[in-house]
Amino acid sequence: MLNADYGLGDKNMGFVDDTPMELFLISLVAIVSIYMSAWVYIEFRKNGAKNVNEILKPGALPLGILGAIIVLMGLWGEMVWPLPGAYNILFDDPFMFLGIIVLMMAGTIALKQKLQYVGILAFFAGIISIWYGANAYVDKLTSSPIAMFGLFLAFGLTGVFTFPTTLIYDILPGKTKVSNVWTVVLVLFWIGLVVSAVVAALIGLEAIPAHLVSPP
């Protein structure tokens with residue numbers, strides 16, 4: 001879908017476009033993040049902050065594995081993408097940002113360190129991703145500019161809201177209740193993750209048939 005106008009049906013090309021796989025990895029990261037953060041919120045509502053770290057810790061392994069795969073695939077795409085133009089930059093730069101952030105988040109959770117330091121990096125990575133998507137939309141670099149920009153925007157905003165969300169989790173151990181403002185931030189964070197997961201999955205699902213029939 002994203003690359004339909006750039007000769008992906010040429011069977012003589014040795015390059016295989018892994019865009020659907022990358023999109024599904026994005027969805028998986030969003031799903032794991034929603035599950036982890038929702039469980040922390042539920043646990044805090046029920047029993048306070050005493051078990052917050054224990055709820056987060058099991059999520060470090062799946063996040064770490066997903067982050068490592070994303071970084072490896074992003075590096076591969078940056079170096080070997082053979083299609084015309086700067087599509088390796090458009091697709092793989094933000095993808096690499098995501099992988100790096102996810103890896104750092106997994107390590108921070110596993111080591112029981114403050115999440116806000118990764119959150120501030122996610123904030124700026126989110127802004128950068130939105131800028132990539134906005135420029136690609138203006139320049140009409142894909143056959144589905146609205147869907148593409150929606151994905152970049154959703155994940156970019158999720159990155160922006162990751163910072164206040166990590167602040168909340170860092171502050172929770174010293175609190176007995178969550179303010180309404182914190183709840184609003186968490187809801188916005190979850191909305192961004194849900195939209196990101198759905199849009200990425202839909203684009204990936206639409207791309208699969210064409211790629212299976214005529215892989216680049």
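The values are calculated or read from the model by the stated rules, or taken from the named source; none is laboratory data. From a predicted model like this one, the values you see are computed outputs, not experimental measurements. Cβ atoms come from the backbone with ideal geometry, glycine included; neighbour counts cover every protein chain shown.
Tabulated data for the structure shown
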| quantity | calculated |
| --- | --- |
| Qualifying position, being among the charged types (D, E, K, R), modelled with pLDDT of 75 or more, within 18 Å of Leu193 (Cβ to Cβ) and surrounded by 14 or more Cβ atoms within 10 Å (Cβ to Cβ), among Glu22, Glu43 | Glu22 |
| Residue check, Ala134 crowded, with 22+ Cβ neighbours inside 10 Å, over 13 Å from the mean Cα position of the chain (by Cα) and more than 20 Å from Leu188 (Cα to Cα) | no |
| Members of region 109-122 that are under 17 Å from the mean Cα position of the chain (by Cα) and free of Cβ contacts under 8 Å to residues at least 40 places away in the same chain | Leu121 |
| Residues (more than 18 Å from the chain's Cα centre (by Cα) and of a type in the set (Asp, Glu)) located in region 54-84 | Glu54 |
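Quick grid of which residues meet (1) surrounded by fewer than 18 Cβ atoms within 10 Å (Cβ to Cβ); (2) of a type in the set (Ser, Thr, Tyr); (3) more than 28 Å from Tyr169 (Cβ to Cβ); (4) free of Cβ contacts under 8 Å to residues at least 40 places away in the same chain:
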| position | (1), (2), (3), (4) |
| --- | --- |
| Gly59 | no, no, no, no |
| Gly64 | no, no, no, no |
| Ile70 | no, no, no, no |
| Met79 | yes, no, yes, yes |
| Pro94 | no, no, no, no |
| Ala106 | no, no, no, no |
| Phe124 | yes, no, no, yes |
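Yes/no matrix, rows are residues, columns are (1) surrounded by fewer than 17 Cβ atoms within 10 Å (Cβ to Cβ); (2) not polar (S, T, N, Q):
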{"residue": "Ser143", "(1), (2)": "yes, no"}
{"residue": "Met148", "(1), (2)": "no, yes"}
{"residue": "Thr162", "(1), (2)": "no, no"}
{"residue": "Ile168", "(1), (2)": "no, yes"}
{"residue": "Asn180", "(1), (2)": "yes, no"}
{"residue": "Ser196", "(1), (2)": "no, no"}
{"residue": "Leu205", "(1), (2)": "yes, yes"}
